[in-house]
1. What are the residues in segment 86-106 that are in contact with a Lys or Arg (Cβ under 6 Å, 6 or more places away or on another chain) and either at pLDDT 95 or above or at positive phi (or both), if any?
2. Do the conditions hold for Gly54, that is, is it touching a Pro at 6+ places or on another chain (Cβ under 8 Å) and surrounded by 14 or more Cβ atoms within 10 Å (Cβ to Cβ)?
3. Return the residues of segment 77-93 that are hydrophobic (A, V, I, L, M, F, W, C), crowded, with 17+ Cβ neighbours inside 10 Å and not in a helix (DSSP H, G or I); say none if nothing qualifies.
4. Would you confirm whether or not segment 33-52 contains a residue that is under 15 Å from Leu226 (Cβ atoms) and modelled with pLDDT of 85 or more?
5. What residue, of Ala57, Ala98, is among the small types (Gly, Ala, Ser) and under 25 Å from Phe202 (Cβ atoms)?
6. So for segment 106-113 (the condition being farther than 19 Å from Ala149 by Cβ and among the hydrophobic types (A, V, I, L, M, F, W, C)), does at least one residue qualify?
Amino acid sequence: MGRRRRWVADPGLVHPSRSRARRSQPGELPPEIEQAIWRGCDLGAQAGEVVSSGFAALDAELPGGGWPCQSIAEVLSPQPSVLEWRVIGPALRAIVAAGRNVVVVGPPKTPHLPGLRHSGIDEKHLVWVRADTPAERLWCTEQLVKSGACGALVALASAGAPRADPAPAGCAQACEGPVFLFRPAAAQHEASAASLRVMATFALDWEIQVHLLKRRGPHREGLVRLRSVPGGLKRC
């Protein structure tokens, strides 16, 4: 009879489940799967980068601690041209300071450049795209999102404009910075593909009240109150 051979397993061919340092117990998930799971009772982590809103109270309620980049943030308000710059102005100031451009699509009124300059937003980094109809605004927004050519995109939709449909939302990953879509308050009951939706209203003494309608995390009751005094009135 020939000599019996003894086979030794190559360590590189050992099955991963057998080489794992710690094996899961019954009813327990492997550590790498456990870490990847997001539970609805927890505030989700933003997959990509974020830009601080400039308000500590609001950052504490936003996934990742700020406005999401490569994603659409939908901001609803009861009256156009009142809260937009006060809500996102601090975030835009940081983007402009980094040398990136802010593109504004279809503002209902001409941007007040002295006020923006006083808020730290240099008009040299501000691009205004005039789009009169809802279809034109939607088309411009989608093309700018796909191009990824701006540090932040601000689109202002009027009443009757199409909602944030899946096409721009799906290609928002091409935009390195945040994409803000402002819509009327009446749109809050409509479905939206935006990953983040907030309602912003104004109160007494220049206070802004933010209600989080949709976010990756548990539903938040109540309002987030932000102190937002225009720069020109801070010394008054």
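The values are calculated or read from the model by the stated rules, or taken from the named source; none is laboratory data. What you see is a predicted model; the values in this text were computed from it and never measured. Heads up, the Cβs are rebuilt from the backbone with ideal geometry, glycines too, and the neighbour counts pull from every protein chain shown.
1. Of the residues in segment 86-106, the ones in contact with a Lys or Arg (Cβ under 6 Å, 6 or more places away or on another chain) are 105-106.
Listed by number, the list holds a single entry, Gly106.
2. Values: touching a Pro at 6+ places or on another chain (Cβ under 8 Å): yes; surrounded by 14 or more Cβ atoms within 10 Å (Cβ to Cβ): yes.
In short, yes.
3. Residue satisfying the conditions is Leu83 alone.
4. If we filter segment 33-52 for residues that are under 15 Å from Leu226 (Cβ atoms), which is where we start, we get 52.
Now narrow it down to the ones that are modelled with pLDDT of 85 or more: 52.
Yes: segment 33-52 contains one or more residues that are under 15 Å from Leu226 (Cβ atoms) and modelled with pLDDT of 85 or more.
5. Details: Ala98 fails: under 25 Å from Phe202 (Cβ atoms).
Answer to the check: Ala57.
6. yes
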